[in-house]
Every structure is written in C-alpha cells, then in structure tokens.
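Since the structure comes first, as structure tokens, the remarks are kept for the end.
The values are calculated or read from the model by the stated rules, or taken from the named source; none is laboratory data. Note that this is a predicted model, so its numbers are computed, not measured. We place every Cβ from the backbone using ideal geometry, glycine too, and count neighbours over all the protein chains shown. When the accessible area is computed, the model is the full protein with side chains, heavy atoms only, and any ligands, DNA or RNA have been set aside. Shrake-Rupley method; radii C 1.70, N 1.55, O 1.52, S 1.80 Å.
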Amino acid sequence: MTEQTITGPDALLNAVVDTDVDIVELGHPHTTGMPCSPNHPGFRMTLIRRHGDMVRPDGGSASNEIIVTGGHVGTHVDALSHVSHEGKLHGGIDAQEAQRGGKFSQLGAESIPFMLRRGLLLDVARVRGVDSLDAGQAVTEQDLRDAADAAGVTPRRGDVVVIRTGWARYFDDPQRYLGQQDGVPGADVGAGRWLAASGIAAAGADTTAFEHIPAGKGHSVLPVQRVMLVENGIHIIEHLDLEDASARGLTKFTFVMAPLRITGGTGSPVRPVAVVASWPAPRPDTT
C-alpha cells in the first residue's frame, strides 16, 4: 500500500487518489453578450466596485461584480418546472397553482439533482462525416442509434446523454447560432422518445434549444421539450460545447454537473465536465 492509497471502502476516493484524471469542459464560459434565445433575458456582468474605489487602512482593496441573467442563458440545465403542456407540469402538477407567488412551489431548480453519472457522447456529426450538421437538420432515432453503435455504447437508466451536432463552432456568430431564419439542427420527436425509453436522467446538446428547429420556425413549437421534461421528467442541458470532447474521441465518461439550488426557479447555469482517467499515478519504487 502506498501513501496515496486511502484505506477503507471508498472505492471512488481511492480511484481519484490513485489515478491521474483529465477534466474535459463540456460547456461555454458565461460572457456578456453571448447568444441567447429571444425568449429569455441575456447575461450581463460588470464590475460594480473596482480596486482603488475603497482602500483599507492597511492598503488592501477589493473588487466585485454584479451579474444579471436569466436561468436559461449560456450552458444551463432545465428544471422540470420549465415547460408545461395543457396547463400541466411533469407528474400532472397544475402549472398555474405551482407558480403562485413568483416562484415554483414544486419542481423548481433547487430540485435538479447533482449529477455524478455515466456520460455518453453521441457524436452525430462525426458519424455523418461532417464538421457540423446543416442548419435546420433533424437528428433522428436512427442517427442516435448509429452514433451509439459507432461509440460502442447503449444508453441505459440513469445515464446522461449528450448529442454533438457540431453547432457549438458557431457560438460566436449569434445570428447563425440561434437560427431564427435558417434553423438549428437537433433531435426530432422520434429521437427524443428513443432517449426517453432508455430511462436516462438527462440529455443535452450543443445548441440553443436541444431539439430540431426548422428554418423560419424559431422557438414557436418545441415538442421534444414536452417529451423530455413534461412526459418523462428528463432534464435538458443546452448550449453545450462538445468540440474538445469530440476531438479527444470520448464516448463514455464520468459526467459531473452541479446546478445552483435556485429555489422556485426554472433552470440554472451549470459547468458540466467529463472526468476521464489519463494514466495511473506514478508509484514509488519499493524494491
């Protein structure tokens, strides 16, 4: 036993101590002016106090900021309170009643679980042999099956599945990225139902609304969000950046994500990461 090995039954801690890991970012940094769905207020950050505005007697100074943002801006996760259908949230909860008082009494963002799960990357763009899918192109059930087969994985209960369309490469071009005119690639209803049938905990994509946005439709109708959030209670993660993960050839990995516990909110900014083993930590020579 080396000094690095932790005694006791905590296999996860032992794995972290004994193995070097790489952290692969799966999201975008939050930046003032980043693209945002027209249905949501954007992200703004500015320094409200600068160094030198106040100097303490010992010469110390501090700076701080003010942040104004919607819950669905940049890389974020949807709470189950985010979408209703015919007046009902997931589980048949009455949406009007649940949202009284300016916050949700049920299914708010504080109920989104911390996620330490098996993550799967279904790289549809790679399987199709393109850098990015076309604007307004639907990702079908067969596309997801093909991507899963290529990765040698099968979505199962409790997994987090992220879908790469390659659209994150246009994040710095808001007009193209948001696709109000030309559309955005994403999962269609059949693909959403296939994912839901596997019992996954969450699904994400490198686009603004997770699902297929046809040209000229904007966010007028979002049926896949209904399938995932309302019908099946599956959280959706949007505005992912899966380019680095794709370049590294990731297929399955440890997915980690901690939402902010915003009481009564409908979503939360997040910093999702893939944790992957790089190589065993060097052990001291005991011979």
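Considering segment 1-32, and only residues there that are aliphatic (A, V, I, L, M) and in a loop (DSSP other than H, G, I, E, B), the residue that is modelled with the lowest pLDDT turns out to be M1. Every test in (1) buried (at least 18 other Cβ atoms within 10 Å of the Cβ); (2) under 20 Å from the mean Cα position of the chain (by Cα) is passed by R118 save one, and that test is (1). Restrict the check to segment 206-222 and report whether at least one residue is touching a Lys or Arg at 6+ places or on another chain (Cβ under 8 Å) and surrounded by fewer than 24 Cβ atoms within 10 Å (Cβ to Cβ). Within segment 206-222 (the criterion being touching a Lys or Arg at 6+ places or on another chain (Cβ under 8 Å) and surrounded by fewer than 24 Cβ atoms within 10 Å (Cβ to Cβ)), the answer is no, since none of the residues qualifies. Go over the candidates A138, A148, A109, A125 one by one and state the one that is aliphatic (A, V, I, L, M) and open to solvent by 10 Å² or more (accessible area, probe 1.4 Å). So the residue among A138, A148, A109, A125 that is aliphatic (A, V, I, L, M) and open to solvent by 10 Å² or more (accessible area, probe 1.4 Å) is A138. When Y170 is tested against (1) open to solvent by 80 Å² or more (accessible area, probe 1.4 Å); (2) farther than 25 Å from G199 by Cβ, exactly one condition is not met: (1). Filtering A151, A187, A125, A168 for residues that are closer than 21 Å to S268 by Cα and not charged (D, E, K, R) leaves a single hit, A168. Listed by first and then second residue, the pairs linking a residue in segment 135-153 that is under 17 Å from R118 (Cβ atoms) to a residue that is basic (K, R), with Cβ atoms under 8 Å apart and 6 or more places separating them unless they lie on different chains, are A147/R126; A151/K252; V153/K252. Looking across segment 173-202, just one residue is polar (S, T, N, Q) and either open to solvent by less than 20 Å² (accessible area, probe 1.4 Å) or part of a helix (DSSP H, G or I) (or both), and that is Q175.
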